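One structure coming up, written as structure tokens, with questions to follow.
Read-outs throughout are calculated quantities, based only on the coordinates presented, and are distinct from any laboratory measurement. Bear in mind that the values here come from a model prediction, so they are computed numbers and not experimental data. Here Cβ is always computed from backbone atoms with ideal geometry, including for glycine, and neighbour counts include all displayed protein chains.
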Amino acid sequence: MKARGGRWVRGGALAGTQQLVAELGGDFDALAAEAGLPPGFLGAPDAPIEAAAVPRFLDIASKKLRCPSFALRLGQYQDFGLFGSLGLPIRNARTVGDLLRTLAALFPFHTLGAIVGLVEEGNDLLVTYELSADIYPSHRHVVELGFSILTAEIRRHSPNWQSSYVAFRHAPPPDSGWHRRLLGSRLLFDADRNAMLLDAELLALPRPTDGDALPIPPRERGHAERTGFIGLHTERVIRASLLSRLLTVHETADLLGTSTRSLQRQLAAAGTSFDDIVDAVRADLALAYLMDSRLSVAQIAEALQFSETSALSRAVRRWYHRSPRALRRDRLHT
């Protein structure tokens, strides 16, 4: 399996790290160098860094500083300013619900290295968040950072709010004190997705805005989706549906509002295919489950829509040249 490159993010995505590392008594420059980040990158927040550098830095910092809650705590040092100029239309959303829909629509312009999904659940809204395929083996820290930032933003407008539940694919930490403090008490671990449920009352809550902002025009946004983001949108639909069924290319095209032939042609122009994306998503989630969760191999096979456990085991060997058990054993020794 070949990794899909070309995925970047603003250096400002790691804003606040220098301050938090200093408060924890660490050496920021040494941690940044170990994560492969260029010297002084925080001084140029609009300059791109590899998307993989973000989870890599969070992983290294949490281990070196012996602070498993590092990413959660970092979320309290950040706000939507991390999006740069894209943050203006997001911050100028009139309601919390509009903010989330604008965030999901514009997120691919921020980075292709992670995916924000929205799922309507009656009048409520389920926000999902995860790394794109082939970015980094563990999703834990990036997901915790994302939900921490979102919760902090919501509490600026509704200080006592907490989600109906926050779900994580990964296993619970030995001490979930920081999770309860920053995200609330309704936590689920070893879940089938990374998700936060927002209630209808919150979604309708008006927000103060920063002034009149001009979001990306729909025509230009559509052009970007047709040319640059079709692979990401396809991946997002596949991920959102995978827990219930493995979509066909025809079903995916219908959900994306295009024809099967058009979808296949656009994916080919982007240098990929529907089958390649399905394979990459399953490979990514399989590794994330094996590295981060306590689910059995049989449970992972079921979650990824494999017909039997042996089929998943063969696929893992093809992807990573190791058995599922060997990958999980490697995790325990790192």
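With only alpha-carbon pairs counted, each pair once and no self-pairs, how large is the Kirkwood hydrodynamic radius of the range 218-332 in angstroms?
15.2 Å
Would you work out the relative contact order for the chain, in percent, from Cα pairs under 8 angstrom that are 6 or more residues apart?
Normalised by residue count, the contact order of the chain is 16 percent.
Starting from the exponent 0.38 and prefactor 2.2 Å, build the expected Rg for the chain from its residue count and divide its actual Cα Rg by it.
Taking the Cα Rg and dividing by 2.2 N^0.38 Å, one obtains 0.97.
A follow-up question, please. When a/c is below 1.5 the answer is rounded, else prolate if a/b is larger than b/c, else oblate, so apply that to the range 83-176 with a ≥ b ≥ c taken from the square roots of the Cα gyration tensor eigenvalues.
Here the range 83-176 falls in the oblate category.
Compare the Cα positions of LEU145, LEU125, ILE115 along the charge dipole of the range 95-160 (+1 at Cβ of Lys, Arg; -1 at Cβ of Asp, Glu; about the Cα centre) and return the one farthest towards the positive end.
LEU145
Return the equivalent ellipsoid semi-axes of the range 8-203 as a descending list in whole Å, where each equals the square root of 5 times an eigenvalue of the C-alpha gyration tensor.
Square roots of five times the eigenvalues give 26, 20, 15 Å.
In addition: What residue among LEU205, LEU145, LEU290 shows peak mean-square fluctuation when the chain is described by a Gaussian network model with Cα springs under 10 Å?
Of LEU205, LEU145, LEU290, the Gaussian network model singles out LEU205 as fluctuating most.
To continue, here is another question. Can you give the Rg/Rh ratio of the range 293-332, where Rg is from the C-alpha atoms and Rh is the Kirkwood radius?
0.95
While we're looking at this one, here's another question. Let me check I've understood the local charge: for LEU72, count other residues with C-beta under 13 angstrom from its C-beta, Lys and Arg +1, Asp and Glu -1. What total comes out?
+2
Using the beta-carbon distance between GLU121 and GLU23 and R0 = 30 Å, what value does 1/(1 + (r/R0)^6) give for FRET efficiency, to the nearest 0.05?
0.20
Also, I was wondering about something else. Would you mind ranking MET291, MET196 by Cβ crowding within 10 Å, fewest neighbours first?
MET291, MET196
On to the next question. Below 8 Å, C-alpha to C-alpha, sequence gap of six or more: please give me the relative contact order for the range 8-203 in percent.
21 percent
How far is the Cα center of the range 244-291 from the Cα center of the range 93-127, in Å?
Rounded to whole Å, the Cα centres lie 20 Å apart.
Show that you can apply the helix-only estimate: for the chain, add -39,500 (n - 2.57) for every DSSP H stretch of four or more residues, divide by all residues, and state [θ] at 222 nm to the nearest 500.
Roughly -14500 deg cm²/dmol at 222 nm, from the helical runs in the chain.
Now, a different point. If each of ALA298 and ASN160 carries a label point 7 Å out from its Cα toward its Cβ, how far apart are those two points in nm?
4.7 nm
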